[in-house]
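Readers should treat all values here as calculations from the given coordinates under stated rules, not as data from a laboratory. Keep in mind that this is a model prediction, so the values were computed, not measured. Positions of Cβ are backbone-derived with ideal geometry, glycine not excepted, and every protein chain shown enters the neighbour counts.
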Amino acid sequence: MDLMEIIGKAAAGEALSEAERARLAGFRPGDAGSSELEKRNRELETRIEELEKSALTEPEQLKRRYDAELARLRESLESAGAERDAAKQELARIGFRRRIESIAQEHGFTDADYLEYLCARNRIDPESPEAAGAFLERLRESSPRFFKLDLAPGAPEVPPAPARADRSGDDIVSLLAEVPAVNE
């Protein structure tokens with residue numbers, strides 16, 4: 001007993017038997033498997049196409065095929081365009097990232113990810129060396145912790161102690177001459 005037949009009988013106003021009523025009462029929409037519904041849907045679509053083909057003239061059939069092929073090609077074109085745009089954006093992002101990394105290396109910036117964020121946020125063009133250089137100099141002044149230190153290896157060289165002046169007298173001028181200069 002097919003559910004569609006029962007629904008057709010009820011729609012036509014015919015009386016339903018007890019078995020049909022029991023089938024309807026026990027039916028739950030989730031009971032039918034999706035594969036069964038898909039199969040039934042394909043059968044109905046095939047039947048509709050056959051009926052349309054038999055009712056259409058040859059030029060109308062050709063026009064329908066042409067329209068269907070044109071719609072398929074348009075979808076394919078839109079898909080290819082979207083892929084092209086995504087690839088173009090990815091290429092631009094990679095180029096931007098490489099330029100940021102080279103700028104970070106040139107100026108001794110330690111965190112290229114953060115520099116990428118800062119350049120994007122402040123709309124700094126990494127292709128312009130003047131703009132990027134000025135931005136990094138300002139950044140070096142405000143946040144020096146992100147930059148590598150310019151240090152020479154080894155211990156610093158200690159300047160020699162000043163020579164002792166001969167104390168011939170206790171005058172203030174000779175005592176001041178012995179005081180080492182303070183480096184500022």
Mind checking which of Asp171, Asp125, Asp85 has the largest fluctuation in a GNM of the chain, springs on alpha carbons under 10 Å?
Asp171
How tilted is helix 34-55 with respect to the longest principal axis of the chain? Cα atoms for both, answer in degrees (0 to 90, nearest 10).
60 degrees
Among Gly81, Leu115, Leu56, pick out the residue whose Cα is farthest towards the positive end of the charge dipole of the chain, where Lys and Arg carry +1 and Asp and Glu carry -1 on C-beta, about the Cα centre.
Leu56
Let me know the charge dipole size of segment 58-115 about its Cα centre in debye, to the nearest 20, where only the beta-carbon of Lys, Arg (+1) and Asp, Glu (-1) is charged.
140 debye
Could you work out how far apart the two model spin labels at Glu90 and Leu3 are, taking each label as a point 7 Å from the Cα in the direction of the beta carbon, and quote it in nm?
4.3 nm
Dimensionless Rg/Rh of segment 107-166 - Kirkwood Rh, Rg from C-alpha atoms:
1.33
Relative to the first principal axis of the alpha-carbon coordinates of the chain, what is the inclination of helix 112-121, with its axis defined by its Cα atoms, in degrees from 0 to 90 and to the nearest 10?
70 degrees
So what's the angle, to the nearest 10 degrees on a 0 to 90 scale, between helix 58-107 and the longest Cα principal axis of the chain?
10 degrees
Could you work out the helix-only [θ] at 222 nm for the chain, with each DSSP H run of four or more residues adding -39,500 (n - 2.57) and the total divided by the number of residues, to the nearest 500 deg cm²/dmol?
-22500 deg cm²/dmol
Any chance you could run the full-extension gain for Glu43 through Phe27? It's 0.36 nm times the residue separation minus the Cα-Cα distance, nm to one decimal.
3.5 nm
Rg(Cα) of segment 1-80 divided by 2.2 N^0.38 Å?
1.68
For the chain, what value does the Rg/Rh ratio take when both radii are computed over Cα atoms and Rh is the Kirkwood radius, given to two decimals?
1.57
